[in-house]
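Derivation of every value follows stated rules applied to the coordinates shown; laboratory data play no part. Everything numeric in this text was worked out from a predicted model, so none of it was measured. FYI the Cβ positions are ideal-geometry reconstructions off the backbone, even for glycines, and counts take in every protein chain you see.
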Amino acid sequence: MNTQLLDIHPEVAFALQNNQAVVALESTIISHGMPYPQNVETAMAVEAQVRANGAIPATIAIVKGRLKAGLSAEEINYLGKEGKNVTKVSRRDMAFIVATGQSGATTVASTMIIAAMAGIKVFATGGIGGVHRGAESNFDISADLQELAQTNVAVVCAGAKSILDLALTLEYLETYGVPVVGYQTAELPAFFTRESGFAVNYQLDTAQSIASVMRHKWAMGLKGGLVVANPIPHEFAMPKAQIDAAIEQALQQAVEQGIKGKESTPFLLAKVVELTGGNSLKSNIALVMNNAKLAAEIANEYVLKPM
Ligand code: PSU
Ligand code: MN
């Protein structure tokens, strides 16, 4: 691996060299996951949340052909303002964007890759990609899942949205040896709701016990990540019926409009926000903040005895 392609923000580099806690954050959630200006406000608030919990934030993206671990406020503002004009970059797209000197927002998969290059072990986001509904015919399975199978980063999320097939997503993760841990819950949360009807593999109740599982996994040479599923706080959870109805409608519109490939997830996310008014955006912001806090706590536990 040639780390000459990577710029680690000086503050992040200092923290890593001194074994201080660092939390990676993704940028597709900024450009494609939320509308402007809430996306920029949230990205800044999430960084502040990581700091308030004793860790250094490293928002990850590709800027003018450089892999970035840690962005300036100007760079975050650029990604948020440009929104969908910025390329959504997953593993497949990285070499093309870097080779041509372009900028791009990183998904969970590509954020994990750059985090691992930089030496960051904990990453906070909203929701991960997964196996899409209808995958048996459309083959749409997010590259996030393969990345979790091979890249050593723990991803703290609020589960996955039920725009996906959660049962198949769990099966896929099982096949590839990715543990799904519930933080203080035995049930996989479904992003906007605390419930999904599916069990997680293991419930762990402290950041310390999660850091211990990370250490032991990697000490055995088992490559790949962990999904740490952190339910949305009660007061921000949405009524399941309202969310389910919006998701069904969004899925139907995606089929009618022939939305496929990498456009699929951003289309569905935007439709759900549109159909539920501002409520789902408020919940989305709250759960990301909640994940940033837990990720900072895990990162702090992990650096006590890193492996
Ligand atoms: N799910 C969300 N919010 C998001 C995403 C997923 O609730 O912002 C973004 C993440 O960047 C994730 C990507 O990695 O969508 C998955 O896209 P795809 O399904 O095309 O792999
Ligand atoms: Mn896809």
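Worth a mention:
- In this structure, the amide hydrogen of Thr87, modeled 1.01 Å from its nitrogen in the peptide plane, lies closer than 5 angstrom to those of Ala105, counting only residues at least 5 positions away or on a different chain.
- Just checking the listed ones, Asn201, Asn152, Asn284: in the Gaussian network model of the chain with Cα springs under 10 Å, the one fluctuating most is Asn201.
- Spherically averaged projected area in nm², based on the convex hull that wraps the Cα atoms of segment 48-128: 5.5 nm²
- Amide H contacts of Val200 (H built 1.01 Å from N, in plane; Pro and chain starts excluded): Glu187, Leu188 sit under 5 Å, all sequence-distant by 5 or more or on other chains.
- Segment 151-163 - phi-based ³J(HN,Hα) in whole Hz, Karplus 6.51/-1.76/1.60, Gly and Pro as x: 10, 7, 9, 8, 10, 8, 9, 9, x, 9, 5, 7, 5
- Working ranking of peptides 59-67, 24-32 by packing, defined as the average number of other Cβ atoms within 10 Å per residue, highest first, is 24-32, 59-67.
- Dipole magnitude of segment 146-301, debye to nearest 20 (Cβ charges: Lys/Arg +1, Asp/Glu -1, about Cα centre): 340 debye
- The gain in end-to-end length when the Lys260 to Tyr202 segment is fully stretched comes to 17.5 nm, 0.36 nm per residue minus the alpha carbon separation.
- Sequence ranges 114-121, 79-86, 90-97, ranked by mean other-Cβ count within 10 angstrom, highest first: 114-121, 79-86, 90-97
- Ratio of Rg to Rh over the chain (Cα coordinates, Kirkwood Rh, two decimals): 0.93
- The Rg/Rh ratio of segment 1-98, with both radii computed over alpha carbons and Rh defined as the Kirkwood radius, is 0.97.
- Placing +1 on each Lys and Arg Cβ and -1 on each Asp and Glu Cβ, with no other charges, gives the chain a dipole about its Cα centre of roughly 560 debye.
- Semi-axis lengths, Å, segment 106-216, gyration tensor of Cα atoms, sqrt of 5 times eigenvalues: 21, 18, 12
- Cα lying deepest toward the dipole's positive end in segment 212-307, options Ala270, Ala250, His216, charges on Cβ: His216
- Magnitude of the charge dipole, segment 61-107, Cβ model with Lys/Arg +1 and Asp/Glu -1, debye to 20: 160 debye
- By the beta-carbon count within 10 Å of each Cβ, the least crowded to most crowded order of Phe139, Phe14, fewest first, is Phe139, Phe14.
- Approximate shape of segment 192-307 as ellipsoid semi-axes (Cα gyration tensor, √5λ), whole Å, largest first: 33, 18, 13
- Karplus-derived 3J(HN,Hα), 6.51/-1.76/1.60, for each residue of segment 252-263, Hz, glycine and proline x: 5, 5, 4, 5, 4, 8, x, 6, 9, x, 5, 6
- Amide H contacts of Thr59: Leu25, Gly70, Leu71, each under 5 Å away and 5 or more positions distant or on a separate chain (H built 1.01 Å from N in the peptide plane; Pro and chain starts excluded).
- The GNM of the chain, with springs linking C-alpha atoms under 10 angstrom apart, assigns the highest mean-square fluctuation among Gly225, Gly54, Gly277 to Gly277.
- Take every pair of alpha-carbon atoms less than 8 Å apart whose residues are at least six positions apart; their mean separation over the length of segment 182-276 yields a relative contact order of 27 percent.
- Using C-alpha pairs under 8 Å with a sequence gap of at least 6, the mean separation divided by the residue count of segment 1-107 gives a relative contact order of 34 percent.
- Around Val273: net Lys/Arg minus Asp/Glu count, Cβ-Cβ under 13 Å: +2
- Residue order, fewest to most beta carbons within 10 Å, for Phe198, Phe192, Phe236: Phe198, Phe236, Phe192
- Dipole axis of the chain (+1 Lys, Arg; -1 Asp, Glu on Cβ), positive-most option in Val108, Gly70, Gly127: Gly70
- Per-residue [θ]222 nm for the chain (sum of -39500 (n - 2.57) over DSSP H runs n ≥ 4, rounded to 500): -14000 deg cm²/dmol
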